[in-house]
Amino acid sequence: MINEIDVQAIQDTTAAVRAHPGLGQATFSVDGSWQGGCRLTARTGTLTQGGERDDSRVAKFVMSSDEPTALLGTDSAVSPGEYVLQALAGCYTVTLAALAAAQGIELKGFRLELEGDIDLRGFLGIGPTIRPGLQEVRVRLHVDAPDTSREQIEELVSLVENRSPIRDTLVNPVNVATTFA
């Protein structure tokens with residue numbers, strides 16, 4: 001165990017996915033219901049991995065979202081934009097801790113500061129050339145690994161940037177298919 005990560009489990013998972021690539025395919029799901037105004041309550045759904053459904057996560061976790069009052073909400077929950085930043089921070093955490101463990105780097109701790117800029121003119125439809133989404137996301141990492149050189153930390157962070165699934169989702173176009181019933 002390094003950084004509370006089972007290094008053997010990483011190696012075993014890597015070997016299993018290498019031998020059977022279908023095991024690497026995972027689908028997450030969320031089921032959300034509007035609560036009026038800008039509010040949403042969502043619950044985790046089925047996780048499918050390697051073609052096998054795992055229903056143990058259905059409604060196991062509940063997430064609520066709203067917007068700050070300055071952005072038309074009632075400020076009763078985390079905003080969707082903050083959830084995007086949280087998703088990236090959480091993914092960086094998993095990726096950094098696991099990759100550091102796999103490389104034998106012991107972390108004493110780390111902290112992330114994230115900021116994301118949005119231009120409301122895109123959302124409000126008054127800036128036709130302005131995207132409604134986040135314009136830029138900045139991540140500042142504070143890594144405490146006393147027995148590791150700055151160069152090793154920089155290499156680790158570069159690897160995190162290349163391997164983080166949520167970062168990849170944010171920096172590369174992804175198809176979002178919306179249907180209605």
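Annotations for the structure displayed:
- Selection status of G90, within 30 Å of L159 (Cβ to Cβ), within 18 Å of the chain's Cα centre (by Cα), in a helix (DSSP H, G or I) and not hydroxyl-bearing (S, T, Y): yes
- Of all residues in the range 117-142, those satisfying the criterion of being in contact (Cβ under 8 Å) with a residue 40 or more places away in the chain and either out of contact with any helix residue (DSSP H, G or I) (no Cβ under 9 Å at 6 or more places or on another chain) or under 29 Å from G104 (Cα atoms) (or both) are V139, L141.
- Qualifying positions in the range 162-173 - surrounded by fewer than 12 Cβ atoms within 10 Å (Cβ to Cβ), in a loop (DSSP other than H, G, I, E, B) and modelled with pLDDT of 95 or more: N172
- Taking the range 18-31 as the range and being open to solvent by 60 Å² or more (accessible area, probe 1.4 Å) and either farther than 20 Å from Y83 by Cβ or without any contact (Cβ under 8 Å) to a residue 12 or more places away in the chain (or both) as the test, the residues that pass are R18, A19, H20, P21, L23, Q25.
Matching residues to (1) without any contact (Cβ under 8 Å) to a residue 60 or more places away in the chain; (2) open to solvent by 70 Å² or more (accessible area, probe 1.4 Å); (3) not in a helix (DSSP H, G or I):
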residue: I10; (1), (2), (3): no, no, no
residue: A16; (1), (2), (3): yes, no, no
residue: S33; (1), (2), (3): yes, no, yes
residue: G37; (1), (2), (3): yes, no, yes
residue: A42; (1), (2), (3): yes, no, yes
residue: M63; (1), (2), (3): yes, no, yes
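- Residues satisfying the stated conditions in the range 114-161, i.e. open to solvent by less than 80 Å² (accessible area, probe 1.4 Å) and in a strand (DSSP E or B): L114, G116, D117, L134, V137, V139, L141, H142, V143, D144
- For the range 86-106, a residue qualifies if it is open to solvent by less than 30 Å² (accessible area, probe 1.4 Å) and more than 14 Å from R163 (Cα to Cα), and the qualifying residues are A101, I105.
The values are calculated or read from the model by the stated rules, or taken from the named source; none is laboratory data. Every value quoted in this text rests on a predicted model; they were computed, and no experiment measured them. Counting neighbours? That spans all protein chains shown, and the Cβs are built from the backbone with ideal geometry, glycine included. SASA here: full protein model, heavy atoms, side chains in, ligands and nucleic acids out. Shrake-Rupley method; radii C 1.70, N 1.55, O 1.52, S 1.80 Å.
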